[in-house]
1. So, Glu339, is that one of a type in the set (D, E, K, R) and either within 18 Å of Ala45 (Cβ to Cβ) or not in a strand (DSSP E or B) (or both) or not?
2. Name the residues in region 342-357 that are of a type outside the set (Val, Ile, Thr) and either in a strand (DSSP E or B) or touching a residue at least 24 places away in the same chain (Cβ under 8 Å) (or both), would you?
3. Out of (1) of a type in the set (Lys, Arg); (2) surrounded by 22 or more Cβ atoms within 10 Å (Cβ to Cβ); (3) within 15 Å of Val298 (Cα to Cα), the odd one out for Arg352 is which?
4. Checking the condition among the polar types (S, T, N, Q) and either surrounded by fewer than 17 Cβ atoms within 10 Å (Cβ to Cβ) or under 17 Å from Gln303 (Cβ atoms) (or both), which residue from Thr370, Thr362 passes?
5. Among Thr223, Thr209, Thr200, which is the only one that is at pLDDT 95 or above and touching a helix residue (DSSP H, G or I) at 6+ places or on another chain (Cβ under 8 Å)?
6. What number goes with the only condition from (1) closer than 18 Å to Ala324 by Cα; (2) assigned to a strand (DSSP E or B) that Asn253 does not pass?
7. For the condition in a loop (DSSP other than H, G, I, E, B), buried (at least 21 other Cβ atoms within 10 Å of the Cβ) and out of contact with any Cys (no Cβ under 9 Å at 6 or more places or on another chain), what is the one hit in Gly247, Gly260, Gly238?
8. Could you tell me which numbered condition Gly260 fails, if it satisfies all but one of (1) small (Gly, Ala, Ser); (2) over 20 Å from the mean Cα position of the chain (by Cα); (3) closer than 20 Å to Val165 by Cα?
Amino acid sequence: MTRRTPLAQALRVALFSGGVMLLGLATVSSPIAAAQTASTATAAALQVTAQAQLEGGIYELAYDPADDALYVAVGGGRGDSGDGRIFVLDADDLSLERTITTPNYNHGLALNHASRVLYASNARAGTLTSVKLGTGDETAILELSDVEAARAREERPVQPRKVVVDERNDLVYVSGVGFNDEGNSMIWKVDGGAFTLLDTFDGLGKGLTGLALSPDGERLYATAMGDGQVLVIDSQNGEVIDRFASGGERPINVAYDPDGNRLFVTNMGSGTVSVLDASDGEVLHTIEAGEMALDVRVDTERQRLYVTNRQGGTVEVFDTQDYAQVSELEAPPMPNSLEIDAANDRVFVSSRTYNNRETGETRQGDIVYTLSP
């Protein structure tokens with residue numbers, strides 16, 4: 001039996017925290033109360049304008065403006081087996097339009113808007129799934145991590161997590177979370193058109209989770225949770241150009257702001273967001289974002305920063321100029337992932353089920369929320 005290190009336990013929480021409740025789909029339009037504060041960065045107060053009850057253990061989201069659709073990755077619950085799913089929701093009212101069936105459970109999600117291909121990481125299976133939209137949702141599987149070989153060695157396999165797309169060059173990058181203390185995390189580089197593995201950038205540290213790409217496609221920014229670091233990586237050859245401290249404990253996700261050449265890093269352990277100068281890692285500011293800060297997204301047009309506060313059950317909104325809090329919106333029970341539709345001033349949030357093994361308490365999750373003025 002594989003023995004889990006403290007790092008592995010923390011990374012398991014990051015990858016698979018939250019349980020699963022099997023419930024019917026229902027759409028609710030009544031807003032949840034939200035605390036609002038004044039800010040120069042927002043012209044209208046945000047609120048929860050729609051929500052939908054789903055099932056199956058939802059994870060990341062991807063918005064498709066061409067069809068005004070929201071894709072929701074379904075990761076399954078502990079002990080579940082069978083096919084994976086991706087829910088396709090109407091982005092206006094979050095009603096279920098259809099369900100895409102995939103060979104494996106899905107976690108990370110990213111859409112290439114130019115090629116109309118959706119990519120989903122499959123953490124348990126060690127694979128990447130592609131879905132060709134508009135062609136009957138044709139799917140294909142690419143093996144990234146040899147799960148069976150790792151298990152034969154009684155090791156935890158490296159697990160695909162975050163997916164980012166370089167639309168200009170039709171490339172896909174996937175972070176691989178390594179669980180051992182030797183720093184076996186990696187990034188896989190995939191040819192999106194041919195759907196073949198081009199390269200593997202390995203030896204990237206302990207617990208590589210978050211991943212972001214510069215607009216020119218030349219730099220990757222990754223969070224190494226086990227090392228407390230942010231890595232700057234040449235996307236062409238995998239060379240680590242720089243690495244610097246995240247400014248907090250257990251960094252898990254990162255967003256790049258091209259306007260200010262800044263990195264916004266959520267530190268799950270310290271409940272903070274570090275604002276870093278992307279050129280040298282200087283800590284420009286530290287934002288208190290609540291217990292277990294998880295996902296982070298930037299709306300550059302409106303100068304807003306969105307952060308999911310997983311343990312607190314809220315989405316925190318900040319001004320990216322003076323870092324003042326704009327809003328705190330309830331999105332219970334455990335907000336997980338974010339997706340922005342900047343053109344329509346909407347933010348989508350996935351929220352997972354809360355299970356407390358010690359007390360037996362369960363709070364119904366698998367809810368998608370829409371935040372808008």
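1. Answer is no for this residue.
2. Hits for region 342-357 are Ala342, Ala343, Asn344, Asp345, Arg346, Phe348, Ser350, Ser351, Arg352, Tyr354, Asn355.
3. (3)
4. Matching residue, one of Thr370, Thr362: Thr362.
5. Exactly one of Thr223, Thr209, Thr200 is at pLDDT 95 or above and touching a helix residue (DSSP H, G or I) at 6+ places or on another chain (Cβ under 8 Å), namely Thr209.
6. Among (1) closer than 18 Å to Ala324 by Cα; (2) assigned to a strand (DSSP E or B), the lone unmet condition for Asn253 is (1).
7. Answer to the check: Gly247.
8. (3) is the only condition that Gly260 fails.
The values are calculated or read from the model by the stated rules, or taken from the named source; none is laboratory data. Quick caveat, the model's predicted, so the values are computed rather than measured. We place every Cβ from the backbone using ideal geometry, glycine too, and count neighbours over all the protein chains shown.
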